[in-house]
Amino acid sequence: MIKEIQAKVLLTHTRNPDGWFGVRYNMNLYRGCEHQCIYCDSRSECYGIENFADVLVKVNAIDLLRKELSRKRIKGTIGTGAMSDPYTPAEARLNMTGQALRVIAEFGFPVHLATKSDMVLRDLHTLVEINKVHASVCFTVTTADDELAGKLEPGAPTVSARFRAMSILSDHGIQVGILMMPILPFIEDSEENIVQIVTRAHESGVTFIMPWFGMSLRTGQREYYYDKLDTLYPGLRDQYQRRFGSRYVCECNNARRLAQVFDELRARYGIAADSKHYQPHAAKQLPLFGL
């Protein structure tokens, strides 16, 4: 269900840009997500989203964005994807992200998008314009297998579609990366899976990959995930409960070996472990008397 809400503030400011993508301003146009990934951390009780299947749309977001950007004295990267995918299926009808990117391009701000959707290609021309300053797109990929991804991320586009989108963005000079996380214990934690992801990333022009060989499990998220495991992989819940109990950080048993395989492949293909951030140009001091 899609519900319209009015937001009081759109951009949340961080005092120092984050170390991952250099994001200074976070922007969530939606809350909730139709991709319905069974492992999504945003279902956690601490985020206060009553029903993550409902998509809340900030219908006044574009007006707010224009007003807020006009008052910003510090130009910094605007990031998306913290509480919802900016290309959740509702975007195909509402075009909130597309409108926001055009405003961002107008004001000359850099942007970082985090998504699971090839719908980002609808905004390719706007991203090319933004990239005159800085644009980066990061895709979440936890498996290279379309069939497996269809079970774990039932509302998201196929992984193959994401890799095709990466190639097109890369061909247009836009920095493309992969968030290779979570890697689900007992489901995705094979060396073959890691090799397939990194190899396809290399073939698709990906410049950086950030991995986590494990997952998070918190109150709210844990219960939903276990219920889905009971349907998809009967008996697997018991293995999780024996291995992790009530822990938040749940690492794969072979995390060290997977990290070694990943690092060797990453080095072979020249893929970085982090992204290049937007760097503002330092103002040049004019010499006195025009000398």
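How much length is gained on full extension from LYS151 to GLU45, taking 0.36 nm per residue of separation minus their Cα-Cα distance? All intermediate terms of the calculation are to be shown ahead of the outcome.
Numbers: separation 106, 0.36 × 106 = 38.16 nm, distance 2.35 nm.
Length gained, LYS151 through GLU45: 35.8 nm.
Which net charge results for the neighbourhood of VAL206, defined as the other residues with beta-carbon distances under 14 angstrom from its beta-carbon, given Lys and Arg at +1 and Asp and Glu at -1?
Working: positive: ARG162, ARG164, ARG200, ARG266, ARG268, LYS276; negative: ASP171, GLU203, ASP274.
Spelling it out: positives minus negatives among the neighbours equals +3.
How much length is gained on full extension from MET210 to TYR226, taking 0.36 nm per residue of separation minus their Cα-Cα distance?
Numbers: separation 16, 0.36 × 16 = 5.76 nm, distance 2.58 nm.
Net length gain for the segment: 3.2 nm.
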* To do: Sum up the charges of everything whose Cβ sits under 14 Å from the Cβ of ARG162, counting Lys and Arg as +1 and Asp and Glu as -1, but leave ARG162 out.
  => -3
* **Projected label distance in nm at ARG73 and SER190, using a 7 Å step from Cα toward the beta-carbon** => 5.7 nm
* Equivalent-ellipsoid semi-axes (√(5λ), Cα gyration tensor) for the chain, whole Å, largest first? -> 33, 24, 17
* Normalised contact order of the chain, rounded percent, pairs of Cα under 8 Å and 6 or more residues apart -> 18 percent
* Cβ-based charge dipole, the chain, positive-most Cα from THR80, ALA156, ILE2 -> THR80
* Asked: Which loop-located GluC sites (Glu not before Pro) does segment 1-51 contain, where loop means any DSSP state but H, G, I, E or B and the Cβ has at most 14 other Cβ atoms within 10 Å?
  -> GLU50
* To do: Report the label-to-label distance for ASN16 and ALA82 in nanometres (one decimal), using points 7 Å from each Cα along the Cα→Cβ vector.
  => 1.7 nm
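Go ahead and run the numbers for FRET between HIS172 and GLU4, Cβ-Cβ distance against an R0 of 30 Å, rounding to 0.05. All intermediate terms of the calculation are to be shown ahead of the outcome.
Numbers: r = 34 Å, r/R0 = 1.12.
In this case the efficiency is close to 0.35.
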* Per residue Cα convex hull volume in Å³ - calculated over segment 188-288 -> 184 Å³
* **Label-point separation in nm, ASN254 to GLN239, each point 7 Å along Cα→Cβ** => 1.2 nm
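Nearest-5 percent of antiparallel DSSP beta bridges in segment 2-275? Don't skip to the answer; put the middle values down first.
Numbers: 8 of 33 bridges.
So the antiparallel bridges in segment 2-275 amount to around 25 percent.
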* Asked: What is the distance in Å between the Cα centres of segment 161-184 and segment 212-246?
  -> 28 Å
* Structure fact -> Per GNM of the chain with C-alpha springs under 10 angstrom, the most fluctuating residue out of GLY155, GLY76, GLY235 is GLY235
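Size of the dipole of segment 2-275 about the Cα centre, Lys and Arg at +1 and Asp and Glu at -1 on the beta carbon, nothing else charged, in debye to 20? Before the final figure, lay out each step's value.
Details: 33 positive and 33 negative charges, 222 e Å.
In debye, rounded to 20, segment 2-275 gives about 1060.
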* To do: Determine the sum of side-chain charges near LEU64: Lys and Arg each +1, Asp and Glu each -1, restricted to other residues whose C-beta is under 13 angstrom from that of LEU64.
  => +4
* Structure fact -> Connecting every pair of Cα atoms under 10 Å apart in the chain and solving the GNM, the largest mean-square fluctuation among ARG24, ARG237, ARG266 falls on ARG237
* Under a 10 Å cutoff between Cα atoms, tell me which one of ALA267, ALA259, ALA82 has the largest fluctuation in the Gaussian network model of the chain. => ALA267
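Each value in this text was obtained by applying a stated rule to the coordinates, not by laboratory testing. Because the structure is predicted, anything quoted here is derived from the model rather than measured. Here the Cβ is made from the backbone with ideal geometry for all residues, glycine too, and neighbour counts use every protein chain on show.
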